[in-house]
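What follows is a set of notes on a single structure, which appears directly below.
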Amino acid sequence: MEFLKKLKEVDKSVVFSSVEEIKGLSYPSIIVFKGSSSEYGKGMAILIDFDRVLEAWAGEKVDNDKTLKINEEISEYLGVKYEAEYLDLPDNWEGFNGYTEFFLESGEVDVISMEFEKIKTLREDYIESFKKIIKNVKTIKEDVKLISNNKDSIFKVHFVSAGKMIMFSIDLSSYIKLSNKLKTENEKKFLWLILNLLMKKNLLSNGKQLSFSQVSKGMMGLFIEEVEDKKLKEIFKNFKTIIDMKEEEILSKFNECQECIKYIDKLTLLNKNVSNENTNTVWDMLELALLDYLINKKDSSISTIIKNFEKFN
């Protein structure tokens with residue numbers, strides 16, 4: 001990236017921050033350390049702050065002509081407006097690391113280059129990841145109306161680490177409110193099953209090749225540097241179909257499949273008779289089997305298993 005060379009011209013440590021933000025989403029900031037290292041001698045390092053945590057130590061705005069010119073070049077290169085502020089942090093690399101170490105370990109901050117008297121490193125993979133995140137955040141910004149959260153929706157979209165990860169989730173308070181309209185524990189569990197299937201089917205049907213992560217019950221995460229911007233647009237467009245689902249539509253889905261509950265009751269009882277395992281195992285396996293069926297239909301594992309076991313009769 002050409003502007004990285006220009007960053008050498010700053011006179012001391014600064015943070016370049018984007019002034020463009022969306023609710024819950026912002027562009028990563030660029031940190032330039034300028035000073036010396038007890039181990040490596042004089043030099044500088046460039047870091048990307050995905051969660052903008054180091055901005056807490058930002059001080060006065062930089063207004064010298066040289067840095068303002070760098071601002072313009074960063075903004076032109078990335079297509080996003082950035083401004084610079086001095087960092088009130090030690091100008092000794094080891095002292096500076098006392099503030100960054102935790103965030104480096106957690107992945108919220110990456111060192112993309114170091115250029116000291118005794119060491120020079122450049123992480124081109126981190127640079128490419130940064131460029132891709134910038135591109136994808138711009139895509140998200142363009143489609144903000146598609147992904148803006150409906151306050152009444154049971155499904156939510158959250159952004160983590162300045163757009164490094166997107167979280168798709170079921171809103172727990174909305175689920176509780178809806179489940180209070182049901183009577184039995186198994187009905188409430190079945191509602192949760194329906195909601196999970198709606199969310200996962202929607203995500204996985206449109207991104208089978210993507211690495212979604214099960215963050216927790218009812219929450220799926222996706223690192224956006226792993227996704228092409230066209231695919232990202234497609235995911236958001238499709239996810240909007242369930243974000244806009246009304247409560248009545250969800251309950252309608254529940255009622256359409258409610259007949260299944262009596263069979264789940266039988267499976268739960270069977271599980272108690274043959275196993276000491278928690279009954280949640282039944283629900284987890286059922287969800288997996290149904291998700292496979294909803295996505296793959298006749299090619300699903302469950303369909304194949306049933307066909308093979310028909311030979312037992």
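The values are calculated or read from the model by the stated rules, or taken from the named source; none is laboratory data. Everything numeric here is computed off the predicted structure, so don't read it as measured data. Here the Cβ positions follow ideal geometry from the backbone for every residue, glycine too, while neighbour counts run over all protein chains shown. Accessible surface areas use protein heavy atoms only, side chains included; no ligands, DNA or RNA. Shrake-Rupley method; radii C 1.70, N 1.55, O 1.52, S 1.80 Å.
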Could you order the peptides 58-69, 39-50, 238-249 from most to least packed, using the average number of other C-beta atoms within 10 Å per residue?
39-50, 238-249, 58-69
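Output the pairs from Lys183/Lys240; Lys272/Lys307; Lys151/Lys201; Lys8/Lys131 with a Cα-Cα distance over 24 Å in this structure; if there are none, say none. Before the final figure, lay out the partial values.
On the way: Lys183/Lys240 30 Å; Lys272/Lys307 26 Å; Lys151/Lys201 22 Å; Lys8/Lys131 19 Å.
Among Lys183/Lys240; Lys272/Lys307; Lys151/Lys201; Lys8/Lys131, the Cα-Cα distance tops 24 Å for Lys183/Lys240; Lys272/Lys307.
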About the Cα centre of the range 30-122, what is the dipole size in debye to 20, counting +1 per Lys and Arg Cβ and -1 per Asp and Glu Cβ, all else neutral?
300 debye
Length added when fully stretched, Trp57-Ile295, from 0.36 nm per residue minus Cα-Cα:
80.9 nm
Could you work out how far helix 229-243 tilts from the main Cα principal axis of the chain, as a 0 to 90 degree angle to the nearest 10?
40 degrees
Note down the nm distance, to one decimal, between modelled labels 7 Å out along Cα→Cβ at Glu249 and at Asn273.
4.1 nm
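Multiply the residue gap between Leu68 and Asp88 by 0.36 nm, knock off their C-alpha separation, and tell me the result in nm, one decimal place.
Values: separation 20, 0.36 × 20 = 7.20 nm, distance 1.91 nm.
Gain on extension, Leu68 to Asp88, equals 5.3 nm.
Probe radius 1.4 Å, ligands and nucleic acids ignored: give me the carbon and sulfur share of the accessible area of the range 1-105 as a rounded percent.
On the way: 2350 of 5070 Å².
Carbon-and-sulfur percentage of accessible area, whole number: 46.
Before I look further, what does the chain give for accessible area per residue, probe 1.4 Å, in whole square angstrom? Don't skip to the end; give the middle numbers.
Working: 17250 Å² over 313 residues.
Roughly 55 Å² per residue, with all protein chains present.
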State the antiparallel share, in %, of DSSP beta bridges confined to the range 30-122, rounding to the nearest 5.
95 percent
